[in-house]
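Inspection log for the structure reproduced underneath, given as structure tokens.
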Amino acid sequence: MKVGYFVPCYIDALSPKAAISTFNLLKRFDIDVEFIERASCCGLPLYDMGYKKKACAMEKDIAPVFAKYDYIVIPSGICTDQFRVLFETEDLPEEYKKVRTSIYDIVEFLHDVLKVKSLPWAHFPHKVALHNGCHSLRYLNHARPTELMEPDFSKTEDLLSLVEGLEVAYAERRDECCGFGGTFSIWDVSCSGQMGLDKVNDYERNGLQYVTSADFSCLLHQECIAKKNGIDLKAYYIAEILNGDV
């Protein structure tokens, strides 16, 4: 199994430790992992602002790079969603279209492909709020959205349950958007900020001082709002916990 590891631009710039933890976690398993040096943005900011053709043009550039791997693993739910679900490049060569089906975020890859059942190196004796970001929840199917009357499941919680001492908890409004929303947090700052404050106040009200997620963008948004408002909240990307780095 040859795995290409793609680090999104925003994680590379703002949280290299999350990227390193994810890479080291993958290396613990018997797979051939290769860091993709020639990386680019997934195009989501352009897509969000309505520049669909420009965003999809980026797929033509990156698809040949991805095509040589059996799987592509990305430490970001929103970027995985963009590559796999939202790209619709009509003139993409057929041999590259299969790339869309080989892209996974780290949670899906560990849970669905490697079927990990044990993480003996991971210890985190704390109660941790689990935030399933909107893209990961409703496009990547990390867990059952609470608005659907379907059997309950959570891939993120399944993996976190393998960490010794960790207790998973949720906000009262567990599936409510935290307000990041990519460019939404730039163009509608007041609304985005209030949504984030509602989320971190929910954690504080329930005595939760730690939060984790498969979407680092959501964690960045929530942690910054918590710091601005004097709320004691520590955010860790899910791979940092699963790899025993915290």
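The values are calculated or read from the model by the stated rules, or taken from the named source; none is laboratory data. Keep in mind the model is a prediction, meaning the values are calculated, not measured. Cβ coordinates were reconstructed from backbone atoms using ideal geometry, including for glycine residues, and neighbour counts include every protein chain displayed.
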> From V128, V163, V189, which residue is within 22 Å of G230 (Cα to Cα), touching a residue at least 12 places away in the same chain (Cβ under 8 Å) and of a type in the set (V, I, T)?
Replying inline: V128
>> For the stretch 65-91, give me the residue count where each residue is surrounded by fewer than 22 Cβ atoms within 10 Å (Cβ to Cβ) and either at pLDDT below 85 or under 19 Å from N132 (Cβ atoms) (or both).
In response: 7
> Out of all the residues in the stretch 131-160, which are out of contact with any Pro (no Cβ under 7 Å at 6 or more places or on another chain), free of Cβ contacts under 8 Å to residues at least 40 places away in the same chain and buried (at least 17 other Cβ atoms within 10 Å of the Cβ)?
Replying inline: A143, S154
> Would you call K97 within 19 Å of D70 (Cβ to Cβ) and in a loop (DSSP other than H, G, I, E, B)?
Replying inline: no
>> Looking at S213 and the list (1) of a type in the set (G, A, S); (2) more than 15 Å from S76 (Cα to Cα); (3) touching a residue at least 60 places away in the same chain (Cβ under 8 Å), which single condition is not satisfied?
In response: (2)
> For the stretch 149-181, which residues satisfy the criterion of being over 15 Å from S213 (Cβ atoms) and touching an Asp or Glu at 6+ places or on another chain (Cβ under 6 Å)?
Replying inline: E172
> Would you pick out the residues in the stretch 100-125 that are part of a loop (DSSP other than H, G, I, E, B) and surrounded by 13 or more Cβ atoms within 10 Å (Cβ to Cβ)?
Replying inline: L114, V116, L119, W121, A122, F124
>> Under 7 Å between Cβ atoms, which residue pairs at least 6 apart in sequence (or on different chains) link something in the stretch 49-75 that is under 19 Å from T101 (Cβ atoms) with a partner that is at pLDDT below 75 and among the β-branched types (V, I, T)?
In response: C56/T89; E59/T89; K60/T89
>> Looking at the stretch 179-233 only, could you name the residues that are of a type in the set (A, V, I, L, M) and closer than 23 Å to H142 by Cα?
In response: M195, V200, L208, V211, A214, L219, L220
> Is one or more of the residues making up the stretch 144-152 in a loop (DSSP other than H, G, I, E, B), out of contact with any Lys or Arg (no Cβ under 6 Å at 6 or more places or on another chain) and of a type in the set (D, E, K, R)?
Replying inline: yes
